[in-house]
Amino acid sequence: MKLRMKSEEKLLVLENKIGYHFMEPSILLHALTHSSFANEMRLDKERNNERLEFLGDAVLELVTSEAIYAEYEELSEGDLTKLRASIVCEQTLSFCARDLSLGDYILLGKGEDGSGGRSRDSILSDTFEAVIGAIYLDGGFTNAKEFIKGFILAEIKNKSLFFDSKTILQEIIQNENNKQKLRYKLLSEEGPDHNKIFTIAVCIGNDEIGIGTGRTKKAAEQEAANQAIQKLRSK
């Protein structure tokens, strides 16, 4: 009974965070159930969140497509496709999931949990999509759309800038006709294999113009590039 109450209380905290209260809380619990937990508990295969993830992915693509179609009238079909891909990608969704501390609520098997699964981008992004699917099933398209707008699309310009920062920085340097080479330098690598933190500097020639940290080298490079963009634009 105490375990059940604890679970219900945690779900209520998460519902308050996402701004949506489920008519059927079991659907939210389903969305948070990773396959490793379902396997460990010997649950039926359909009890994990993979089918909800599939549904949430489709809803996310539709809502995002509609939003950027209306927002960016000047973009071609090809550019819209690229922008949508940068929004619905694993990095963006895991970033949004961390904003909600979603990893704290996922039901994981002991092995997956012990190897750093709660902070793994793939698990966070998949669970985020499963939550979208759960909201859609429980409350319909409008509620799912409001969730996506509030937790992803509200910061669409900042997120698209961050996750394409390396390309944007390269274009800025080229437009300034700077002859020096843009390069990324690893400053440090800390932590165990399943939970490493990388610190990387982006340099023009020998000058450091931005420093970023991340759980992958790619993420650290993107943050370093974003810091450099802000520094260059402030000038």
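For the chain, state the semi-axes of the equivalent ellipsoid (square roots of 5 times the eigenvalues of the alpha-carbon gyration tensor), sorted largest first and rounded to whole angstrom.
Values: eigenvalues 257, 106, 35 Å².
Each semi-axis is the square root of five times an eigenvalue, giving 36, 23, 13 Å.
Specify which residue in the list Ala67, Gly56, His34 is farthest towards the positive end of the charge dipole of region 1-83, using unit charges on the beta carbon of Lys, Arg (+1) and Asp, Glu (-1), about the Cα centre.
About the Cα centre, the residue reaching furthest to the positive side is His34.
Counting helices only, and only those DSSP H runs with n ≥ 4, report the 222 nm mean residue ellipticity of the chain as the sum of -39,500 (n - 2.57) divided by its residues, in deg cm²/dmol to the nearest 500.
Working: 12 runs with 145 residues, N = 235.
That comes out to -19000 deg cm²/dmol.
Which value, in Å to one decimal place, does the Kirkwood hydrodynamic radius take for region 84-215 when every pair of different Cα atoms is included?
Working: mean 1/r = 0.0584 Å⁻¹.
For region 84-215, inverting the mean 1/r across all distinct Cα pairs yields 17.1 Å.
Which of Arg233, Arg183, Arg120 has the fewest other C-beta atoms within 10 Å, and how do the rest follow up to the most?
Working: Arg233 8, Arg183 11, Arg120 20.
With the sparsest Cβ surroundings first, the list reads Arg233, Arg183, Arg120.
How high is the relative contact order of region 2-157, given as a whole-number percent (alpha carbon pairs under 8 Å, six or more residues apart)?
Numbers: 190 pairs, mean separation 54.6, N = 156.
Answer for region 2-157 is 35 percent.
Give the distance, in whole Å, between the Cα centre of region 216-235 and the Cα centre of region 1-77.
If you average the Cα positions of each part, the centres end up 31 Å apart.
Ranking Lys231, Lys217 by Cβ neighbours within 10 Å, fewest first, what do you get? Please report the intermediate quantities before stating the final value.
Working: Lys231 11, Lys217 15.
Listed from fewest to most nearby Cβ atoms, that is Lys231, Lys217.
First check a/c for region 165-234, with a ≥ b ≥ c the square roots of the eigenvalues of its C-alpha gyration tensor; if it is under 1.5, answer rounded, and if not, answer prolate when a/b is larger than b/c or oblate otherwise. Provide the component values of the computation, followed by the final result.
Values: a/c = 2.68, a/b = 2.17, b/c = 1.24.
Prolate is the answer for region 165-234, as a/c is 1.5 or above and a/b outweighs b/c.
To the nearest 20 debye, what is the magnitude of the charge dipole of the chain about its Cα centre, counting +1 on the Cβ of each Lys and Arg and -1 on the Cβ of each Asp and Glu? Write out the running numbers ahead of the final one.
Details: 31 positive and 38 negative charges, 161 e Å.
Dipole size: approximately 780 debye.
Specify which residue in the list His194, Ile229, Asn175 is farthest towards the positive end of the charge dipole of region 165-234, using unit charges on the beta carbon of Lys, Arg (+1) and Asp, Glu (-1), about the Cα centre.
Farthest along the dipole direction, towards plus: Asn175.
Where nothing but the Cβ of Lys and Arg (+1) and of Asp and Glu (-1) is charged, how large is the charge dipole of region 51-164 around its Cα centre, in debye to the nearest 20? List each step's numbers first, then the result.
Details: 11 positive and 21 negative charges, 66 e Å.
For this selection, approximately 320 debye.
Bear in mind these aren't lab numbers, they're just calculated from the coordinates by the rules spelled out. Everything numeric here is computed off the predicted structure, so don't read it as measured data. Quick reminder, even Gly has a Cβ in these numbers, built from the backbone with ideal geometry, and neighbours come from all protein chains shown.
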